[in-house]
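To start, the structure under review is shown below, and the notes come after it.
The values are calculated or read from the model by the stated rules, or taken from the named source; none is laboratory data. Because the structure is a prediction, the values reported are computed rather than measured. Glycine gets a Cβ as well: all are built from the backbone with ideal geometry, and neighbour counts include every protein chain shown. We work out accessible area using only protein heavy atoms, side chains counted, and drop any ligands, DNA or RNA first. Shrake-Rupley method; radii C 1.70, N 1.55, O 1.52, S 1.80 Å.
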Amino acid sequence: MTTTVEPVQHEQPTEHRARYGDREFRYHLCYLPTQQRRSIRIHVHPNGKVQVDAPEDSPLSEIKAAVQRRARWILKHLDDIEQRHRDVLPRQWVSGESVLYLGRRYVLKTIQDPEQRKVTCKLIGGQLRVRGKDLIPERAQAAVQQWYRDRASDVFQRRLDLLVDALPWLKTPPEWRMVAMQTQWGSCAASGAVLLNPHLVKAPTRAIDYVLLHELCHLVEHNHSPRFYNLLDRFMPDWRSVKERLDGQAEVILRGSVT
């Protein structure tokens with residue numbers, strides 16, 4: 001998952017830069033317990049984030065050398081991602097398009113109703129029905145955006161309430177709010193405030209729980225230290241596979257606007 005966090009409380013900060021020719025890219029360094037990671041691995045996620053996983057005892061010079069050796073490969077993947085984003089057709093907000101909600105696809109159905117001045121948006125069966133007078137694409141888009149935000153507010157609060165009961169360091173849900181982001185699922189500030197991307201409501205519930213748990217673990221460990229990953233392992237042993245599936249859907253989930 002991509003997230004904005006405080007610097008890792010480790011020997012080195014987690015955000016780094018590398019150069020190849022006249023180009024520069026950033027990568028996020030995650031130290032993992034030696035028993036979980038015996039070699040340095042580099043990932044380029046679908047949202048364009050470069051992540052480097054390294055054993056916690058790896059010298060920074062060795063990590064930087066490994067990144068430099070793969071720099072050409074990294075930049076090629078970043079170029080491919082940028083090209084795919086350019087090729088994604090923008091939504092037209094008309095009947096027949098598909099929309100995602102909690103991991104399932106629904107068909108968008110726009111219905112012109114001269115008697116209904118206020119545009120409404122309801123999930124009925126396998127359709128997300130948008131109904132109203134003078135239902136131009138812009139009005140349909142605004143209605144769907146608001147519907148997503150309303151659903152996200154409800155779903156996120158319910159899932160947070162369940163996690164509070166399961167996590168011993170929480171007594172009440174933390175302060176949280178929604179912020180539309182293009183490359184992040186969520187973040188946790190040093191103050192303890194949690195920010196969540198409303199697009200996340202398009203993902204399966206298990207993925208939502210993973211993002212919430214990730215941010216809630218930062219209330220204890222404001223870093224990506226071994227202790228942070230131990231918390232994730234304790235409360236969601238399969239988080240790696242959940243994260244991989246979520247990141248694999250990033251391009252589809254983040255397409256479209258939820259402001």
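The calculated FRET efficiency for the pair Y20 and R41, based on their C-beta separation and a Förster distance of 22 Å, comes to about 0.70. Annotation for the stretch 206-259: GluC sites (Glu not before Pro) lying in DSSP loop with at most 10 further Cβ atoms inside 10 Å of their Cβ do not exist. On full extension, the segment bounded by R72 and Q249 gains 61.3 nm, given 0.36 nm per residue less the C-alpha separation. Packing, taken as the mean count of other beta carbons within 10 Å per residue, orders the peptides 198-204, 19-25 from highest to lowest as 198-204, 19-25. Using a ≥ b ≥ c from the Cα gyration tensor of the chain (square roots of the eigenvalues), is it rounded, prolate or oblate, where a/c under 1.5 gives rounded and otherwise the larger of a/b and b/c decides, a/b for prolate? Oblate, because a/c is 1.5 or more while a/b does not exceed b/c.
Work out the FRET efficiency for Q92 and E62 from their Cβ-Cβ distance, taking R0 = 51 Å, and round it to the nearest 0.05.
Calculated transfer efficiency: 0.55.
If one takes the longest principal axis of the Cα atoms in the chain, at what angle in degrees, from 0 to 90 and to the nearest 10, does the Cα axis of helix 60-69 lie? The two axes meet at around 60 degrees.
Solvent-accessible area per residue in the stretch 104-259 equals 48 Å², computed with a 1.4 angstrom probe and all protein chains kept. Relative to the dominant Cα principal axis of the chain, helix 205-217 is inclined by about 50°.
Quick one: how many lysine pairs in the chain have C-alpha atoms under 21 angstrom apart, if they're 8 or more apart or on different chains? Qualifying lysine pairs in the chain: 13. Surface composition of the chain: carbon plus sulfur atoms contribute 48% of the solvent-accessible area (1.4 Å probe, protein chains only, all chains present). Most simply put, the chain has about 60% antiparallel DSSP beta bridges, counting only bridges with both residues inside it. Computed from Cα positions, the angle between helix 226-235 and the longest principal axis of the chain comes to roughly 40 degrees.
Heavy atoms of the protein chains alone define the surface here; on that basis the stretch 14-86 has 57 Å² accessible area per residue at 1.4 Å probe size.
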